[in-house]
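The next block holds one structure in the form of structure tokens; read it before the comments.
Bear in mind these aren't lab numbers, they're just calculated from the coordinates by the rules spelled out. No experiment lies behind these values; they were computed from the predicted model shown. Glycine also receives a Cβ, built like all others from the backbone with ideal geometry; neighbour counts cover every protein chain displayed.
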Amino acid sequence: MTSTTTTPTASTAHQHTATVLFAQGLRYEHRADPYPYYEQLLRQPVVRMDDGTWLAGGHREISLLLRDPRISADRLPPPQQRPIRKSLLVEDPPRHDQLRHLVTQQFVPRIMGMRDHIEALVTGLLDAHTSDRPGQLDVVADLAYPLPVTVICELLGVPREDEALFGSLARRLTRGLDPIDTQTEDEIRELQQTRNELQQYLEGLIARHDTAPGDDLLAGLMHSHGPEGPIDPIDLRVTLGLLLIAGHETTVNLIANGTLALLRHPDALARLRTDPDLATPLVEEVLRYDPPVQMSGRSTLADIDLAGTTIPKGSRIRLLLAAGNRDPRRFADPDRFVADRTDNAHLGFGGGIHYCIGATLARAEAQIALTALARRLESPRLVADPPPYRENAILRGPESLPVSFTRLIADDGGAG
Ligand code: HEM
């Protein structure tokens, strides 16, 4: 027995308190600011919940779990709600490593040297929208969403005319990531239907690529060879779906959450306007302070002793990345947005073998978009604070982010 072991009654009370706090943090009314609930949860870095699942919120504990080979990335729901083939996100070695290798081989060289193109896209998006509606911008619809979507569609070789169809599928599917008890029965039923529609769409896309191959990432994946031979057609479809959804539903929240932080911290906004180098630490701070992916999940392949407790083999664990990012045991002044924070080992992109493949791309898009907003919008103001939020609890961010300003300053090509 360790000194931190508590009596059954005390631990049941802790368990119940944690369950209630977690549920409160997930409630839609608290979407704009779930952090006070996470802060209270952090009093226990690892805790069992009433439904028998576990919650890890401590920075150290999450970091250890992400790197522990006795932990599986499989956090899928009960068998009847599972897809037939798992993506690399929820796979374990050796299959995870084989698939990840195939993707990174194709992904990494294609995103090198993309900054100029991303800058041109940002300039074009800002110019287009302000001529329609001078003085008003919805940062989500006009910039934060179309930028990463254009980039991922171009990279993968997805025709832009498919965007509306795919965008709506992606949106419906990511709602399915949220804890099952926050979804209605209709939503759960609809999820299966949406999965089928996605499968059909992706199969069509692959078939069209077969007859007219390009030199995009999808073509590269179709013809790539790992040590185990070419990628099989189901893995190809599932991997393509994962990349497309990741490209649609994550970076949008990084740009929107970053804009929100800048407009709430005018000193940081003013500095970014004249010091583009601030963009690098600033985007890391957004990933810590208000992360687009709030939590992830794992399961245990063995009993794990951690933080004075034992998580039994076969347990499901939620890793509350957003709580770990504000752990006072790891970060000084964790609830303060410090644009130039230096010691910033945040969990925004996860860690260990599943560390985000798109991190470099997402960082570049957010740095460029936020710098352009700071330089080009004169006297920007939030129209609503807080803005309306999306339903999604895990991939969390504003639904729309209307900003007013007095003038769009002409693009000076980043000089100055
Ligand atoms: C701001 C934007 C993004 C954030 C915050 C983000 C966050 C994350 C996180 C937290 C994980 C780890 C999940 C886990 O361990 O369970 C992850 C994995 C992953 N991300 Fe991202 N992501 C972003 C953008 C992207 C983009 C643009 C792509 C690709 C186009 C991408 C592709 C992936 C893939 C394929 C994985 C799985 C890696 C693996 O399992 O080995 N992400 N991401």
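Observations on the structure shown:
- Length-normalised contact order of the stretch 127-208 in % [C-alpha pairs under 8 Å, at least 6 apart]: 21 percent
- Stokes-Einstein D in µm²/s, Kirkwood radius over Cα pairs - the stretch 189-305 at 20 °C with 1.002 mPa s viscosity: 118 µm²/s
- Look at HIS16, HIS265 and count the other Cβ atoms within 10 Å of each Cβ; fewest to most, that gives HIS16, HIS265.
- Taking amide H as placed 1.01 Å from N in the peptide plane, GLY226 has its amide H under 5 Å from the amide H of ILE231, each at least 5 places away in sequence or on another chain.
- Computed log₁₀ I(q)/I(0) - Debye formula, equal Cα scatterers, no solvent, the stretch 8-408, q 0.12 Å⁻¹: -1.00
- The calculated P(r) of the stretch 57-199, using every Cα pair and 5 Å bins from 0, goes 2, 7, 12, 13, 15, 17, 16, 11, 5, 2, 0, 0 in percent.
- With neighbour counts taken as other beta-carbon atoms within 10 Å, the residues LEU218, LEU143, LEU125 rank, fewest first, as LEU125, LEU218, LEU143.
- Computed over the chain, the per-residue total of -39500 (n - 2.57) for DSSP H runs of n ≥ 4 gives a 222 nm mean residue ellipticity of -15000 deg cm²/dmol, rounded to 500.
- Dipole magnitude (debye, nearest 20) for the stretch 316-409, charges at Cβ of Lys, Arg, Asp, Glu: 120 debye
- Taking THR259, THR19 and counting other C-beta atoms within 10 Å, the order from fewest to most: THR19, THR259
- Separation between Cα centres of the stretch 49-78 and the stretch 262-330, rounded to whole Å: 15 Å
- Inter-label distance, TYR28 to SER168: 2.0 nm, where each label sits 7 Å from its Cα along the C-beta direction.
- The relative contact order of the stretch 8-408 comes to 26 percent, based on Cα pairs under 8 Å that sit 6 or more residues apart.
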